[in-house]
Amino acid sequence: MKTLTSPLHRKMAFVMGVSLLTMAIFAGTAYGYAFQNIYVANNSSATLVNLNHSQPLFRLFIFLFVVILILDVIVAWSIYIFFKDIDESLCLLTAWMRLIYAALLGVSLQNPVMVLQFQKYNPQNEMLIDSALNGFLEMWSLSLIVFGVHLCLLGYLALKTKALPKTLGILALVAGGCYLASNTANLLLEDYQSIRSTVEAILSLPMAAGELGLAAWFLWKGRQNISLA
């Protein structure tokens, strides 16, 4: 058994925990509150009205997602340093999957930035604005397939060590599987939108449990001695 008690490993656990919890709060605020109070599915007119009355909220939504993107890079770095003595190749793949997800998220954010430009030069064009917002949702959904793979790898990596409770590794695997199933269905099934909200409502609990469970554990263990098998 390898015992990792160095300040570096404790620091990485703490950094990972803080980053994951911050991302959860910011994502809930950005998408669950800001975006949902602006975007109205299949109603471009209502979306435009909300957007015109909530410019600061929309800009906050973009800003919070940029911060989330930065935190994703920090999480990828901390995962690699924390787990590399367990299985460096698998750890590297896990970190790269998170970086690829962050890159795809960055691409998706071009769409809401374009909305800001549309509002400057073509503010009443509902179709352009609605198309850009839908483009953000579709690209983000595509990136979440990669994120699901990342969570599955992280869960498997967690199961390989005695440092983490096996339950957390299993929860991460389940959460990753939920992300994969929902977003792959969104990509492949034409009529998935009609049931998407119901499916996501069902899967939201295991997805949140997997991510928040890991975040809380890393935060809690950040200043303690950590033993890895």
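Every read-out reported here was derived from the displayed coordinates using simple, explicitly stated rules and does not represent laboratory data. Every value quoted in this text rests on a predicted model; they were computed, and no experiment measured them. Quick reminder, even Gly has a Cβ in these numbers, built from the backbone with ideal geometry, and neighbours come from all protein chains shown.
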With label points set 7 Å from each Cα along the Cα-to-Cβ direction at residue 162 and residue 25, the distance between them in nm comes to 3.5 nm
For 110-122, 33-45, ranked highest to lowest by mean beta-carbon neighbours within 10 Å, the order is 33-45, 110-122
Per the rule of 0.36 nm per residue minus the C-alpha distance, extending residue 110 to residue 55 adds in nm 18.1 nm
By the C-alpha gyration tensor axes a ≥ b ≥ c (rounded if a/c is under 1.5, else prolate when a/b exceeds b/c, else oblate), the shape of the stretch 21-144 is prolate
Checking rank on 51-57, 19-25, with mean other Cβ inside 10 Å and highest first, the result is 19-25, 51-57
If R0 = 35 Å, then residue 117 and residue 199, at their Cβ-Cβ distance, give a FRET efficiency to the nearest 0.05 of 0.55
Residue 179 neighbourhood, Cβ < 11 Å, K/R = +1, D/E = -1, net charge -2
Quick P(r) readout (the chain; Cα-Cα; 10 Å bins; whole %) gives 8, 31, 32, 18, 8, 2, 0
Taking the alpha-carbon centre of each part, the distance from the stretch 91-153 to the stretch 170-201 in Å is 17 Å
Cα-based Rg then Dmax for the stretch 1-82, in Å, read 18.0, 61
